[in-house]
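I have placed the structure first, in the form of C-alpha cells, so that the comments after it can refer back to it.
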Amino acid sequence: MTKTNDTEPSFNLWTEPWITLENARGELTQHGIYDALVNAHDYVAIYDPSPLVVVGIHRLLTAILQDALNPQENDDLERLWARGKFPADKIDKFGKLYADRFDLFSEDKPFLQSADLPMFPDDKERKASKPVAQLFPETPSGSLVTHYRHTTEEEQVFSPAAVAAGLVTMPPFVSSGGAGLMPSINGVPPIYVLPSGKTLFESLAKSLMKNATREGDLAWWKRTKVIVHESKKKKAGMSPREHRQLGEVGYLHGLTFPARKVRLHPERLNATCSRSGQQSEWCVRTMAFRMGESCQEDVGWQDPFAAYRLPAKPTSKRKSSSKKSADKPKPIRPMRTRAAWREFTGLFLQRREENRQTRRPLFLDQLAELEISKRVETYPFRCIAWQTDGKMKFYEWMDFGFDVPPSLLQDPDGAMWTEQALSFATECADTIKRVFSSTFKRDAKSPERFKRLKERLESDYWPALAGKFRQFVLDLGDRAKQQQTLDRWYDTVVREAQSAFDRAADATGDNGNTLRHIVEGKAKCHSGLMYLKNNLNKEGDDAKK
C-alpha cells in the first residue's frame, strides 16, 4: 500500500501486489500487473479461490497486452511465440502512458470507478451505499441467503487487493441486480473458454487477437470519464433521466465494460480482510454501486472467449429480421440440468459453413491458423461459468477443462464426429429413463422415492461419461482412426448406460414381484441399448457402401 499522505490512501494495481500467481514449484506469490506481464514466462498460471476472479484478471491482462502490443498479422504472433516472453519495452511504454489509471483510490481517475462520486461520502451519501461484498456474487449480501457464511454483510471487510479482484469480475459476470440494474455486455454470463499452457505467457499469448483494436476504442485507461446513462424509470422524488444504450462497443471497451458505476469508500481500519485473511491498514466496507453502461442488442459485440448459438436459417415462410432478438447469435450459457461438457462441440469445434449452428470463441479460429500447432500434441483449455437465473439468483460456478488436439481444432468434420457421439449418449439416456419408468412405475408405492431413483439414474450416468469423453476427444485427433474411436465410444456409452440402469433397478426393492421386474427391466434395457447401437452400425455400413 502506497500513501499520498496520512489521510488519503493509494493502491496502484500496476505495481502493488494483488494478482496471485503460481510458479512451477506450486508456490503462490502476489504481484502487480507490470510484474505479472513482464515475468509471465516464469509463472504457471493465475490463481484465486474463485474461478470468476481468474476470468476477470485474465481478461484485464489480455486487454492491456492487446493495447500495448497491438499485433496485426499472424507473423506478429509467431514472432512473439518465438521470443517466449512479452517485450518489456512495450509494456514499459504502456506503463508510462497509463499506469496512473490503475490506482484504486485516485481522486480524479480511480480504476474501474467513477470520479464524480465522492470517495469519502457524507452521512446522507453513506446511507445509500452498498456493502462491498456485492462485488463477489458468491459472497451473500443484501437479501441473498447466507448459507454457511456466519457473518453479516456489515461485518465484511476487504483489503484493496481483494476489492481489485472483485472489480475485475464485473465486466464478464455482472448479471441483472433488481430494478434498473441491467446485466453486463454479455447479458446472462456465458461459458468462458480460457486458453491454458505451460506458463502464464502461453495462456495470454494464445488470447491475443490480430488487428482487433481500432482508433477510438474506449479501453478503461483511455477514456476521460465513465460514460454513465441513468435509468429511464422514475423513482419517488426523482425526475426521469434518459437511458441511452450504446450502439457501438470496441474490442478493448468490451473486455473492460463498466456495467456498474462504482466508487469505493476506503477506511483506515487496520483490520483483517474477510476474503484473504491478510492484515490491511486501509480497508473497504461500503461503496457506491449504481447502474453503469449498457448496450443495444444489435451492438454487434462478440466476446472473444465465448461461443455462440447461431439463429436458425430463414425459410421461405420465415424471413430473417435483424430487429428480432431471436435472429441474433446467443452465447452458450450453462444450464442447471445439463452437464457443461456436453457443449463441447459448440465451445471448441466449427462445422462447415453450410451446416453451421454454433460459432466457437474467436480466439480459437486464430489459434488454429498458427504454426505453433505443429509443435504441440494438445491445447489445454479451462472453461468457467456462473450459473444464474439471469436476475437475482446465483446458483454455483462451474470450472472444468479440456485438452484438445490441434488437428481437431483444424478439422472441419470434427463437429460431425462429436455430435454423433453426444447424440448417441443422449439417445441412450432417453432409453434407460423410458425403460425404468415403464418397468418400475407400477411397483412404486412411494412416488417420491421412485422420482428420486429416476433422478439418480441420470445423475449417475452423465458423470460416469465425463472423463471418458475427454479421452474420446484426445483419440479423435487421429483422423485416420476416427471411425474406430467413435465405435469404441458407442461401446463405452452402452456399458455405462446399462451399469447406471442396473444400479437404479437394484435399489427399487427386494420383494418377489419387484425382483422379477428387476430381471425383466435389465433385459429390456440391454435390448434397447443394443438396438440403438446396431442401428448406428448399420447406418455406418450403408454410408460406406
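So here's what we get for this one:
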item: Neighbours by Cβ (under 7 Å, 6+ apart or cross-chain): first from the range 124-140, more than 18 Å from residue 170 (Cβ to Cβ); second surrounded by 17 or more Cβ atoms within 10 Å (Cβ to Cβ); result: 126/286
item: Matching residues, the range 395-445, being surrounded by 14 or more Cβ atoms within 10 Å (Cβ to Cβ) and of a type in the set (Lys, Arg); result: 433
item: Number of the condition not met by residue 467 [criteria: (1) surrounded by fewer than 17 Cβ atoms within 10 Å (Cβ to Cβ); (2) over 30 Å from residue 356 (Cβ atoms); (3) of a type in the set (Gly, Ala, Ser)]; result: (2)
item: Inter-residue pairs, beta-carbon under 7 Å, first farther than 14 Å from residue 421 by Cα and in the range 457-474, second modelled with pLDDT under 95 and surrounded by fewer than 17 Cβ atoms within 10 Å (Cβ to Cβ), 6+ apart; result: 460/503
item: From 424, 436, 402, residue being at negative phi, assigned to a strand (DSSP E or B) and not aliphatic (A, V, I, L, M); result: 402
item: Scan of the range 498-535 for residues that are farther than 16 Å from residue 453 by Cβ, under 42 Å from the mean Cα position of the chain (by Cα) and either of a type in the set (Gly, Ala, Ser) or not in a helix (DSSP H, G or I) (or both), ordered by number; result: 527, 528
item: Those residues of the range 501-517 which are crowded, with 20+ Cβ neighbours inside 10 Å and either closer than 17 Å to residue 430 by Cα or at pLDDT 90 or above (or both), in sequence order; result: 501, 504, 505
item: Only listed residue being of a type in the set (Ser, Thr, Tyr) and in contact with a Ser or Thr (Cβ under 9 Å, 6 or more places away or on another chain), chosen from 47, 98; result: 47
item: Filtered residues of the range 245-278 (kept if under 23 Å from residue 20 (Cβ atoms) and without any contact (Cβ under 8 Å) to a residue 24 or more places away in the chain); result: 270, 277
item: Boolean, residue 84 is farther than 26 Å from residue 218 by Cα, loosely packed, with under 15 Cβ neighbours inside 10 Å and without any contact (Cβ under 8 Å) to a residue 60 or more places away in the chain; result: no
item: Residue in the range 58-68 that is exposed (fewer than 15 other Cβ atoms within 10 Å of the Cβ) and either of a type outside the set (Gly, Ala, Ser) or not in a loop (DSSP other than H, G, I, E, B) (or both) present; result: no
item: The one condition in (1) modelled with pLDDT under 90; (2) farther than 24 Å from residue 53 by Cα; (3) out of contact with any Pro (no Cβ under 6 Å at 6 or more places or on another chain) that residue 234 fails to fulfil; result: (3)
item: Conditions (1) in contact with a helix residue (DSSP H, G or I) (Cβ under 9 Å, 6 or more places away or on another chain); (2) outside any loop (DSSP other than H, G, I, E, B): number failed by residue 75; result: (1)
item: Qualifying residue in the range 121-134 (condition: part of a loop (DSSP other than H, G, I, E, B), under 26 Å from residue 386 (Cβ atoms) and in contact with an Asp or Glu (Cβ under 9 Å, 6 or more places away or on another chain)); result: no
item: Among residues of the range 291-325, those that are small (Gly, Ala, Ser) and either at pLDDT 65 or above or in the same structural domain as residue 246 (by TED's automatic domain parsing) (or both), counted; result: 6
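The values are calculated or read from the model by the stated rules, or taken from the named source; none is laboratory data. As the structure is a prediction and not an experimental result, all values here were calculated from the model. Note that we place each Cβ from the backbone using ideal geometry, even for glycine, and neighbour counts take in every protein chain shown.
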